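The values are calculated or read from the model by the stated rules, or taken from the named source; none is laboratory data. Quick caveat: nothing in here was measured; it's all calculated off a predicted structure. Positions of Cβ are generated from backbone atoms using ideal geometry, with glycine treated the same way; all protein chains shown enter the neighbour counts. Accessible surface areas use protein heavy atoms only, side chains included; no ligands, DNA or RNA. Shrake-Rupley method; radii C 1.70, N 1.55, O 1.52, S 1.80 Å.
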Amino acid sequence: MLRASRGQHQVQGAKRSWNVVVFSVGGIRLAARTEDVGGVSPWTQTIQVPSGTPFVRAILKRDNRAMPVYDLAERLNRTVQGDPLLCLEVRHLDGPMAICIDADVPSLETVEVAAIRSSGGRDIESLGSVTIGEHDVTIVALQRLGRSIQDAVTR
Amino acid sequence: MSLRGRQNSTTRPLQTASFLVVRVGLSYLALPATGVRGVLTSEEAGHEQTVTEAGSVYRQVDLARQLSIVADLSGPEMRTVLYSTGRSQGAMAVEQVVGLIDVEPNECLPLPAQFRGDERNWFGGMMLYQDQLVLILNPSWALGELSSAEAAPRGQVEQSMRATPVTLGESC
């Protein structure tokens with residue numbers, strides 16, 4: 001469930017550009033490398049889990065799999081928007097993980113590595129930020145999402 | 001995974017583990033059945049700090065508070081589960097006793113590694129039962145046998161999780 005941008009079909013030079021998925025959470029546009037995304041699907045009801053881990057307090061059951069849910073909207077102090085909401089499946093270092101995102105269907109974009117700025121500008125694990133259209137978009141490091149804040153909590 | 005009665009336990013396969021599934025708030029919890037000493041109604045359990053049954057004393061354990069779960073323990077299906085680990089004994093109030101289940105090792109799943117906090121002491125793992133997710137409660141923690149000082153160091157836990165990211169059966 002992804003929209004392709006017009007330039008997506010262009011042949012990419014090795015390591016000189018990244019394919020990213022652009023999505024939004026609470027109206028904030030974010031991006032992630034395509035290899036960090038397992039898929040996008042409709043959001044379904046989650047099961048609450050008593051937990052002391054920041055922003056990880058639920059599990060999403062899909063078929064015979066159970067994925068932990070990372071509440072990215074809460075971390076960004078936002079509320080997800082639209083209906084139906086979508087599920088971004090993340091290829092996290094600790095295993096598959098689900099994030100609830102806005103109903104806006106994510107799009108595929110290609111960004112030049114040289115155009116990526118080092119600072120994400122948000123208090124979140126990021127690979128930098130880039131301008132897409134007129135928006136300054138943080139590229140979220142989905143693979144290690146939650147790790148730095150957890151380390152800070154337990155330090 | 002099947003729901004069964006208390007009788008007929010000798011016919012179950014050797015490799016299965018038995019759990020008493022209970023509900024507290026919206027959470028379904030599984031207690032290893034070997035430690036269950038009895039299930040009492042609220043009238044039978046009374047309102048004292050301890051419950052005495054068959055000569056043993058069980059102190060009240062507030063499972064809902066320990067897990068920060070909002071629970072209504074005034075309903076007609078509320079029960080008190082008497083539990084013993086061998087070292088400690090406790091009386092746990094639950095909203096509902098769902099039943100006894102036999103679980104094969106490959107039906108038990110470790111808690112996903114993204115859960116990195118105290119909940120790793122609270123739960124030994126999880127399983128999918130009907131449409132529900134059932135968390136396998138660590139009775140030693142519930143009965144207060146684990147202090148924070150005894151909890152495994154974080155690095156040790158992480159190392160273990162990386163080594164066995166999706167090990168099946170370990171939790172049973």
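General observations
- Candidates B:Ala71, B:Ala54, B:Ala30, B:Ala17 - the one that is modelled with pLDDT of 95 or more and hydrophobic (A, V, I, L, M, F, W, C): B:Ala30
- Taking the stretch B:87-125 as the range and being within 17 Å of A:Ile47 (Cβ to Cβ) and within 14 Å of chain A (Cβ to nearest Cβ) as the test, the residues that pass are B:Glu107, B:Cys108, B:Leu109, B:Pro110, B:Leu111, B:Pro112, B:Gln114, B:Phe115, B:Glu119, B:Trp122, B:Phe123, B:Gly125.
- Of the residues examined, B:Glu107 is not one that is charged (D, E, K, R) and modelled with pLDDT of 95 or more.
- Looking only at the stretch A:20-31, and only at residues there that are part of a strand (DSSP E or B) and of a type outside the set (A, V, I, L, M), the one that is farthest from the other protein chains (Cβ to nearest Cβ): A:Arg29
- For A:Pro84: the one exception among (1) under 21 Å from A:Val20 (Cβ atoms); (2) surrounded by fewer than 18 Cβ atoms within 10 Å (Cβ to Cβ); (3) away from chain B (no Cβ under 14 Å); (4) not β-branched (Val, Ile, Thr): (1)
- Strands (runs of 3 or more DSSP E) within the stretch A:64-143 that include 2 or more residues in contact (Cβ under 8 Å) with a residue 60 or more places away in the chain and in contact with a Gly (Cβ under 7 Å, 6 or more places away or on another chain): A:135-140
- Listed by position, the strands (runs of 3 or more DSSP E) inside the stretch B:35-143 whose residues that are over 27 Å from A:Gly52 (Cα atoms) number at least 2 are B:36-41, B:50-53, B:56-61, B:96-103.
- Test: residue in the stretch A:55-72 that is touching a helix residue (DSSP H, G or I) at 6+ places or on another chain (Cβ under 8 Å), open to solvent by less than 60 Å² (accessible area, probe 1.4 Å), facing chain B (nearest Cβ under 9 Å) and at pLDDT 95 or above: no
- Only one of the listed residues (A:Thr44, A:Thr79, A:Thr34, A:Thr110) is away from chain B (no Cβ under 11 Å), within 14 Å of the chain's Cα centre (by Cα) and open to solvent by 10 Å² or more (accessible area, probe 1.4 Å). That residue is A:Thr34.
- The number of residues in the stretch B:91-119 that are in contact with a helix residue (DSSP H, G or I) (Cβ under 7 Å, 6 or more places away or on another chain) and among the aromatic types (Phe, Trp, Tyr) comes to 0.
- Residues located in the stretch A:87-106, provided they are buried (at least 19 other Cβ atoms within 10 Å of the Cβ) and within 16 Å of A:Ser24 (Cβ to Cβ): A:Cys87, A:Leu88, A:Val90, A:Ile99, A:Cys100, A:Ile101, A:Asp102, A:Pro106
- Leading residue by the ranking (least open to solvent (accessible area, probe 1.4 Å)) among those in the stretch B:39-76 that are more than 14 Å from every other protein chain (Cβ to nearest Cβ), within 30 Å of A:Arg57 (Cα to Cα) and within 18 Å of the chain's Cα centre (by Cα): B:Val61
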